[in-house]
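What follows draws every value from the coordinates through simple rules; no lab data is involved. This is a predicted model, so every value here is computed, not measured. Cβ atoms come from the backbone with ideal geometry, glycine included; neighbour counts cover every protein chain shown.
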Amino acid sequence: MDLELTPEQTLIQKTARDFATKEVLPVAAENDQHKRYPKALVARMAELGFLGIAVPEEWGGAGMDNVSYALAMEEISRACASTGVIMSVNNSLVCDPILKFGTDAQKERFLKPLAAGQKLGCFCLSEPEAGSDAAAQKTMAVKKDGGWVLNGTKNWITNGPVADLALVFTMTEPDKGTRGITAFIVELAAKGIEIGPTDQKLGIRASPSSQIFFTDVFVKDDQLLGKPGEGFKVAMHTLDGGRIGIASQALGIARASLEDAMAYAKERKTFGKPIAQHQAIAFKLADMATEIDAARLLIWRAATLKDRGVRHSTESSMAKVFASEVANRAAKEAVQIFGGYGYVSDYPVERHFRDAKITEIYEGTSEVQRLVIARSLVKD
Ligand code: CAA
């Protein structure tokens, strides 16, 4: 077992850390406060190859591996969790399934501009009544000459208000349950698509999300991703990768919480010494550091399995449930260490506390991750 990063992985980690420190962190609080989409940073991420990290160069990507993707996600999310998830959705939830299930023509037409960052993608699975129970899709696609007609509503669509392309999951044969779901690549400029108002959120406020309404939207046959009826497997496979991205986002938030709390604890004095020297605070820092390292190892294992082409559903769920809960504990302790200063927006830990929560909800709640893990334990 070798836990050393390769020279290429070290380089992407350093590039991401420099970018995050110099360009993302200085605007993170302001973008959060004004709920401002970081358009210029997304353009810079495109230049740096961060929007299609694990996509081969021939399809417009950076040609790196999934460990590199996890490293870059951690660094960027350490500075700004909103910027992190914008990147994660494009990489994991849109580029990755088109790379895996798309035809060469679809890769040429859709993947190349997405991976190069000329276009931005979103992932339309959740609905008003289909969240954890992803198979309860009500959005319908009905076959017509030369294509399909889509009708339905999608909810909580990260990047929805700013995306160009969407991966849309629809019910095509309701009698068949999970085997009756079909995925399409849809251009959001198409007739019949309406983007709802931007969601007003507790955290990750610089990452816009919204509902998307589909009314008699016509998509051609060549926009179907995979085969009819294979959509649920496309979605589940995609989320196996996406959960590595969200686990890395959570890790970034946890690290930000620890680093900010540590800096404060070394400065702030009570009872004649820096609070870091009080055991009550020092032990909190020790627990945060230990959990952060454990989360990182789970993430690297899941990413390594994905790079090897091995099924990693359980490992991704373990990484995501653990890292997201670590992020929430770390952010909570960071606020506690800052005391009253932690509760106001003058210091970043208040933002980390709000940003951490979503990592236990999206791309599968902690309950869904435990379900995936438990099923793998009890299956024959
Ligand atoms: N890879 C490939 N195939 C898979 C799979 C995987 N990881 N998981 C399940 N499947 C297959 C199964 O083998 C089964 O296939 P067969 O029909 O051939 O037997 C089929 O899919 C159905 O599987 P299940 O019986 O396990 O399905 P289920 O209805 O019990 O659901 C679930 C399982 C794990 C709860 C799933 O519904 C789930 O993951 N729910 C959470 C959805 C989610 O994460 N949503 C997030 C929305 S996206 C988002 O948040 C993006 C954002 O904005 C950032």
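When the chain is modelled as a GNM with alpha-carbon springs shorter than 10 Å, which of Asp96, Asp216, Asp32 fluctuates the most? Comparing Asp96, Asp216, Asp32 in a Gaussian network model of the chain, the most mobile one is Asp216. Under 18 Å from the Cα of Lys201, which lysines turn up, not counting those fewer than eight places away in the same chain? Result set, ordered by chain and number: Lys35, Lys154, Lys357.
Each Cα pair under 8 Å and six or more residues apart adds its separation to the average, and for the range 240-378 the resulting relative contact order is 35 percent. Compared with the dominant principal axis of the Cα atoms in the chain, helix 279-307 is inclined by about 30°.
Subtracting the Cα-Cα distance of Ala280 and Gln200 from 0.36 nm times their residue separation leaves 25.2 nm of extension gain.
Relative to the longest principal axis of the Cα atoms of the chain, the long axis of helix 7-19 lies at roughly 80 degrees. Each of Tyr37, Tyr341 was scored by other Cβ atoms within 10 Å of its Cβ. Listed from fewest to most, they are Tyr341, Tyr37.
Take every Cα pair under 8 Å whose residues are at least 6 apart in sequence, average their separation, divide by the length of the range 121-231, and the relative contact order is 31 percent. Taking the chain as a Gaussian network of alpha-carbon nodes connected by springs under 10 Å, the highest mean-square fluctuation of the residues Lys138, Lys273, Lys112 belongs to Lys273.
Within straight-line reach of Lys14, meaning a Cα separation under 19 Å, sit the following aspartates and glutamates at least 8 residues removed in sequence or on another chain: Glu4, Glu23, Glu47, Asp65, Glu74, Glu75, Glu259, Asp293. Under 20 Å from a label point set 7 Å out along the Cα-to-Cβ vector of Gln336, the amide N atoms of the range 232-255 belong to 251, 253-255. Considering all C-alpha pairs of the chain, those separated by over 27 Å amount to 46%. Is the shape of the range 240-378 rounded, prolate or oblate, going by the alpha carbon gyration tensor and its root eigenvalues a ≥ b ≥ c, with a/c under 1.5 for rounded and a/b larger than b/c for prolate? Cα axes put the range 240-378 in the prolate bin. Each peptide among 304-317, 5-18 gets the average number of other Cβ atoms lying within 10 Å of its residues, and from highest to lowest they stand as 304-317, 5-18. Each listed q (0.12, 0.15, 0.21 Å⁻¹) maps to a log10 I(q)/I(0) for the range 7-115 from the Debye sum over equal C-alpha point scatterers, namely -0.39, -0.59, -1.04.
Roughly how many debye, to the nearest 20, is the charge dipole of the range 7-115 about its Cα centre, given +1 on each Lys and Arg Cβ, -1 on each Asp and Glu Cβ, and no other charges? With Lys and Arg at +1 and Asp and Glu at -1, about 340 debye. Just checking the listed ones, Ser345, Ser77, Ser209: in the Gaussian network model of the chain with Cα springs under 10 Å, the one fluctuating most is Ser345.
By other beta-carbon atoms within 10 Å, ranking Phe283, Phe322 with the fewest at the front produces Phe283, Phe322. In percent, what relative contact order does the chain have, based on Cα pairs under 8 Å that are 6 or more apart in sequence? RCO, the chain: 16 percent.
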